[in-house]
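Take a look at the structure below.
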Amino acid sequence: MNAADGAFRLDRKVVLITGASRGIGRAIAVEAAEAGAEGVVLTARRPAGLEAVRAEIAPIGRPVECVAADVTDEESVDAMVRHAMDAFGRIDVLVNNVGGASFKVPLADTRAGGWRKTLELNLTSAFLTSRAVIRTWRDTPGDAGRNIVTVGSSGSFHGRPELSAYVSGKHALVGLTKTLARELAPSGARSNLVAPHLVETDLTTAQQQPEFRDESIAQIPMGRWAEAEEVARVVRFLASDAASYVTGACVLVDGGHAA
Ligand SMILES: NC(=O)c1ccc[n+]([C@@H]2O[C@H](COP(=O)([O-])OP(=O)(O)OC[C@H]3O[C@@H](n4cnc5c(N)ncnc54)[C@H](OP(=O)(O)O)[C@@H]3O)[C@@H](O)[C@H]2O)c1
């Protein structure tokens, strides 16, 4: 390994990943451990999934802490960040990965409650978690390796029929990412967004039906969906010091879908 390779590692970073019990978050957790993270904090609501990921990461030999938390709940988020601070003394990288859509209907049929819940899951979660972590940075300023990576979506840049709340939340994450980039830059900390298109996870169970899948693949120049690991590797790059001059960036991981 030469010095340049070292910049892509996460050796001296404690990484907290939300939604780490499955799907893309799980892949990011494994990638962080393989990149040598000093500590990996796994969070989601249900502990069982977190413990399964902890067991998967164990052979890599990096310290792992699991914290059950609901990232739409202010008190739960603050307690989650306190838990991580007690365990490792600091958080260097926050990956805001939680998000999703639990219904697909035209705007005219969207209930106000469903709209609010979707924005809480996709947008407020990132606000609450970023705020709690940045407050820990404020107390000990000056470490240039700190950063936030937020998982958006190709829906951060394109409209999608019947997904107005999800797409609105994902678009808003671009605004949050860019605003944080400017707010944090004087301290040397960074904020970026990764925007996957389609990945086979529990979130996309409905889209995995052959008809939708074939139709969606026809729109992707690379002719396939992404592997969760392909998203995780981009997150790792942005989280690492190799991306030391990258902030406010929104990186599509979409096989050329938007090209
Ligand atoms: N899959 C795709 O094709 C795709 C495409 C574009 C963007 N994305 C984005 O990528 C991110 C991850 O998606 P995914 O497909 O990996 O999702 P997923 O398989 O549904 O996993 C979601 C994760 O978030 C956790 N979670 C859900 N609600 C939570 C809450 N309120 N508080 C804390 N944790 C919560 C889940 O665990 P618990 O249920 O135990 O809490 C789970 O670990 C999302 O932001 C999604 O919008 C995905």
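Quick note: the coordinates plus some simple rules give every number you see, no bench work behind them. On a predicted model such as this, the values are computed, not experimentally measured, just so you know. Don't worry about glycine lacking a Cβ; one is built from the backbone with ideal geometry, like all the others, and counts go over all protein chains shown.
Summed over region 107-152, residues that are part of a loop (DSSP other than H, G, I, E, B) and buried (at least 19 other Cβ atoms within 10 Å of the Cβ) total 2. Find the residue count for region 6-21, including only residues that are in contact with a helix residue (DSSP H, G or I) (Cβ under 9 Å, 6 or more places away or on another chain) and either without any contact (Cβ under 8 Å) to a residue 60 or more places away in the chain or within 16 Å of the ligand (Cβ to nearest atom) (or both). Looking only at that region, the number is 8. Here Gly223 passes the criteria (1) of a type in the set (Gly, Ala, Ser); (2) closer than 22 Å to Arg116 by Cα; (3) exposed (fewer than 14 other Cβ atoms within 10 Å of the Cβ) except the one numbered (2).
Contact annotation: residue pairs with Cβ atoms under 6 Å, 6 or more positions apart or on different chains, pairing a residue in region 33-60 that is under 20 Å from Lys13 (Cα atoms) with a partner that is assigned to a helix (DSSP H, G or I) and within 11 Å of the ligand (Cβ to nearest atom), are Val40/Ala29; Leu42/Ala29; Leu42/Leu50; Leu42/Val53; Thr43/Met80; Val53/Arg26; Val53/Ala29. Just one of the numbered conditions (1) without any contact (Cβ under 8 Å) to a residue 60 or more places away in the chain; (2) over 29 Å from Phe88 (Cα atoms); (3) touching a Ser or Thr at 6+ places or on another chain (Cβ under 6 Å) is not true of Arg190: (2).
Screening Phe212 with (1) surrounded by fewer than 22 Cβ atoms within 10 Å (Cβ to Cβ); (2) away from the ligand (no atom under 14 Å from the Cβ); (3) not in a loop (DSSP other than H, G, I, E, B); (4) not charged (D, E, K, R) gives one miss only, at (2).
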